[in-house]
Amino acid sequence: MKGRTVYHEWLRDGALVTRKKVNVSSDNWRTASRQLFAYSVKANWTVRLVDETGQLLNEIPFNVIYE
């Protein structure tokens, strides 16, 4: 993966909210990104890791709920 670019895509209820570029600097790499949520927004979220071609590498769905 060294020298490649990947993206963290944050989707709320299936709609793309933001896309964050990550440059991979070594073959043994880790990365993180974050998204702030409004207190009143209850939604289904998905974070996807995609490469330069749009190929899906990983995907994590989760729900934001406030009680």
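The values are calculated or read from the model by the stated rules, or taken from the named source; none is laboratory data. Quick caveat, the model's predicted, so the values are computed rather than measured. Cβ: placed from backbone, ideal geometry, glycine included. Neighbour counts: every protein chain shown. Calculation scope for accessible area: heavy atoms of the full protein, side chains included, ligands and nucleic acids excluded. Shrake-Rupley method; radii C 1.70, N 1.55, O 1.52, S 1.80 Å.
Values computed for the structure shown
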{"quantity": "Environment charge of residue 26, counting only residues whose C-beta is closer than 15 Å and scoring Lys/Arg +1, Asp/Glu -1", "calculated": "+2"}
{"quantity": "Charge dipole magnitude, Cβ of K and R +1, D and E -1 - the chain, Cα centre, debye nearest 20", "calculated": "220 debye"}
{"quantity": "Rounded to the nearest 10 Å², the accessible area of residue 31 at probe 1.4 Å", "calculated": "60 Å²"}
{"quantity": "Relative packing of peptides 6-12, 56-62 - highest average C-beta neighbours within 10 Å first", "calculated": "6-12, 56-62"}
{"quantity": "Rel. contact order, % - alpha carbon contacts under 8 angstrom, at least six apart, the chain", "calculated": "34 percent"}
{"quantity": "Charge tally in the Cβ shell below 14 Å around residue 15, where Lys, Arg are +1 and Asp, Glu are -1, residue 15 excluded", "calculated": "+1"}
{"quantity": "Label-point separation, residue 34 to residue 64 (7 Å along Cα→Cβ), nm", "calculated": "1.3 nm"}
